[in-house]
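Data first, discussion second: the structure below is written as structure tokens.
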Amino acid sequence: MRPSAFFVRVMAIGLLMHLYVGIRLIPAAPVDGALKWLAVIALAASVTLIPLGMAARMISRQPLSDLLAWAGLSAMGFFSSLLVLTVLRDIALTALAIAGWVSGAGTPVPSFAEFTALGVPALALLLSLLGLYFARRRAPVKTVDVPVAGLDAALDGFTIVQVSDIHIGPTIKRGYVEKIVATVNALKPDLIAVTGDAVDGSVPQLQKHTQPLADLAAPHGTFFVTGNHEYYSGADPWISEFRRLGLTVLMNEHVVIDHRGAQAVIAGVTDYGGGHFDPRHQSDPAKAAKGAPDDASFRLLLAHQPRSAPEASKAGFTLQLSGHTHGGQFLPWMFFVRMQQPFVHGLAKLGDLWVYTSRGTGYWGPPIRLFAPSEITRLRLVQGG
């Protein structure tokens, strides 16, 4: 489908959704006509701002581009909550009507309909403001112990700090990134892993905002793998830029590090869908493991999407670090992530492979996080398993 045709379809679907919300809420609201017209104008503004916010990064003029992004993406987050709550309201109204019909006693549906016609937008606004707070705060540190059978004693306590899905772009800028870098460095990890989707935009647009990543510091270095958004933003220029910043970009390859006399394999693959953008970037965990020493007691794979796990398990890796899912970011999307990915967040096991899926350190699209907090993850290897 051509991008223009896709955009028209998205606009049409968005218009229908806004019409549904307006029809279900505005006539039922116990307010005067002026306020009802104000609600109509607000919905019209929303249906206009949302696509502008999604396309804002294609506008070179600043600060117009960022202002449109903030307005449109915030409207998207608010409307998402408004739509879900409107659907839940209709389900509740239907249930009340059925209960009243079955019992023959009748139910106070009219008063409930009026009350919720005002309550739904008020609750949607409250959720949006809470989500904004949780999205914009500095990501908290989450500590996870990973038990590894047969782990060399020298690697017991080895720490990896993972950041993922920062999405530096229209609403995430240098100051946000500097806070992440300061938090990571304060943890004094042995190794830092950046598991993709660092950017949403081109190198010229975002170069000054990604510069703080050069200050990430760990004895064994900072490693990076591409996510799907690097391909949307121009993967090759970004790979060159991340290397200029001092990050080691792993593309279906590995390095061997020595930690207190013990060897560990650090490998990374291109994004699961990278081959669709460039055949040279076809993700291949087996290739990333090829030639690794057989006696290494720990093999780490960085793979942006959790669904790399089956091939990573076959390739003999110990631990896979992934992101991509954002843990769903906010309701109701965490329920849909499970339809695409085998793991949504946290530590899980597939055969002998541990898989840790980060909820992400930033956010994508609407500046909202609800029931899926962002994280900077401190993983510590321990003997066991």
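The values are calculated or read from the model by the stated rules, or taken from the named source; none is laboratory data. Keep in mind that this is a model prediction, so the values were computed, not measured. Cβ coordinates were reconstructed from backbone atoms using ideal geometry, including for glycine residues, and neighbour counts include every protein chain displayed. Side chains included, ligands, DNA and RNA excluded: accessible areas come from the protein's heavy atoms. Shrake-Rupley method; radii C 1.70, N 1.55, O 1.52, S 1.80 Å.
Of all the criteria given as (1) in contact (Cβ under 8 Å) with a residue 40 or more places away in the chain; (2) crowded, with 20+ Cβ neighbours inside 10 Å, the one not satisfied by residue 75 is (1). For segment 215-248, a tally of residues being of a type in the set (S, T, N, Q) and closer than 19 Å to residue 360 by Cα returns 4. The conditions of being modelled with pLDDT under 95, among the hydrophobic types (A, V, I, L, M, F, W, C) and in a helix (DSSP H, G or I) are met by residue 10. Evaluate the following for residue 118: is it within 24 Å of residue 41 (Cβ to Cβ) and surrounded by 16 or more Cβ atoms within 10 Å (Cβ to Cβ)? Answer is no for this residue.
Of everything in segment 33-66 that's part of a loop (DSSP other than H, G, I, E, B) and exposed (fewer than 11 other Cβ atoms within 10 Å of the Cβ), which residue is modelled with the lowest pLDDT?
60
Of all residues in segment 208-243, which are polar (S, T, N, Q) and closer than 17 Å to residue 254 by Cβ? 222, 226 - these are the residues of segment 208-243 that are polar (S, T, N, Q) and closer than 17 Å to residue 254 by Cβ.
Do you know which residues across segment 215-230 are crowded, with 21+ Cβ neighbours inside 10 Å and not in a loop (DSSP other than H, G, I, E, B)? Across segment 215-230, the qualifying residues are 222, 223, 224, 229, 230. Scanning segment 277-287 for residues that are farther than 20 Å from residue 222 by Cα and touching a residue at least 12 places away in the same chain (Cβ under 8 Å) yields 277, 278, 281, 282, 283, 284, 286, 287. For segment 241-268, the tally of residues that are touching a residue at least 40 places away in the same chain (Cβ under 8 Å), closer than 15 Å to residue 221 by Cα and loosely packed, with under 15 Cβ neighbours inside 10 Å stands at 1. Please go through segment 152-178 and give me each residue that is in a loop (DSSP other than H, G, I, E, B) and either free of Cβ contacts under 8 Å to residues at least 12 places away in the same chain or more than 19 Å from the chain's Cα centre (by Cα) (or both), ordered by number. Answer for segment 152-178, where residues must be in a loop (DSSP other than H, G, I, E, B) and either free of Cβ contacts under 8 Å to residues at least 12 places away in the same chain or more than 19 Å from the chain's Cα centre (by Cα) (or both): 152, 156, 157, 158. Those strands (runs of 3 or more DSSP E) of segment 295-385 in which at least 2 residues are touching a residue at least 60 places away in the same chain (Cβ under 8 Å), in contact with a strand residue (DSSP E or B) (Cβ under 8 Å, 6 or more places away or on another chain) and open to solvent by less than 30 Å² (accessible area, probe 1.4 Å), considering only elements entirely within it, cover 299-302, 319-322, 376-383. Among all residues of segment 205-212, there is none that is in contact with a Lys or Arg (Cβ under 9 Å, 6 or more places away or on another chain), under 15 Å from residue 268 (Cβ atoms) and among the β-branched types (Val, Ile, Thr).
Given the condition open to solvent by 30 Å² or more (accessible area, probe 1.4 Å), in a helix (DSSP H, G or I), hydroxyl-bearing (Ser, Thr, Tyr) and modelled with pLDDT of 95 or more, answer yes or no: does some residue in segment 269-290 qualify? Checked segment 269-290: no residue is open to solvent by 30 Å² or more (accessible area, probe 1.4 Å), in a helix (DSSP H, G or I), hydroxyl-bearing (Ser, Thr, Tyr) and modelled with pLDDT of 95 or more. Could you list all residues from segment 170-211 that are on the phi > 0 side of the Ramachandran plot and modelled with pLDDT of 95 or more? Listed by number, the residues that qualify are 188, 196, 197.
Only residues that are free of Cβ contacts under 8 Å to residues at least 40 places away in the same chain and not polar (S, T, N, Q) were counted across segment 1-26, and they come to 15. Note on segment 215-232: residues that are in contact with an Asp or Glu (Cβ under 9 Å, 6 or more places away or on another chain) and more than 15 Å from residue 276 (Cβ to Cβ) total 5.
For (1) basic (Lys, Arg); (2) touching a residue at least 24 places away in the same chain (Cβ under 8 Å); (3) surrounded by fewer than 18 Cβ atoms within 10 Å (Cβ to Cβ), each residue gets a yes or a no:
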{"residue": "180", "(1), (2), (3)": "no, yes, no"}
{"residue": "185", "(1), (2), (3)": "no, yes, yes"}
{"residue": "197", "(1), (2), (3)": "no, yes, no"}
{"residue": "207", "(1), (2), (3)": "no, yes, yes"}
{"residue": "213", "(1), (2), (3)": "no, yes, no"}
{"residue": "239", "(1), (2), (3)": "no, no, no"}
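Please work out which residue is nearest to the chain's Cα centre (by Cα), limiting yourself to segment 88-101 and to residues that are open to solvent by 60 Å² or more (accessible area, probe 1.4 Å) and aliphatic (A, V, I, L, M).
Here is the first cut: in segment 88-101, the residues open to solvent by 60 Å² or more (accessible area, probe 1.4 Å) are 88, 91, 94, 98, 101.
Then keep just the ones that are aliphatic (A, V, I, L, M); that gives 88, 91, 98.
Numbers: 88: 25, 91: 29, 98: 40 Å.
Only one residue fits best here, namely 88.
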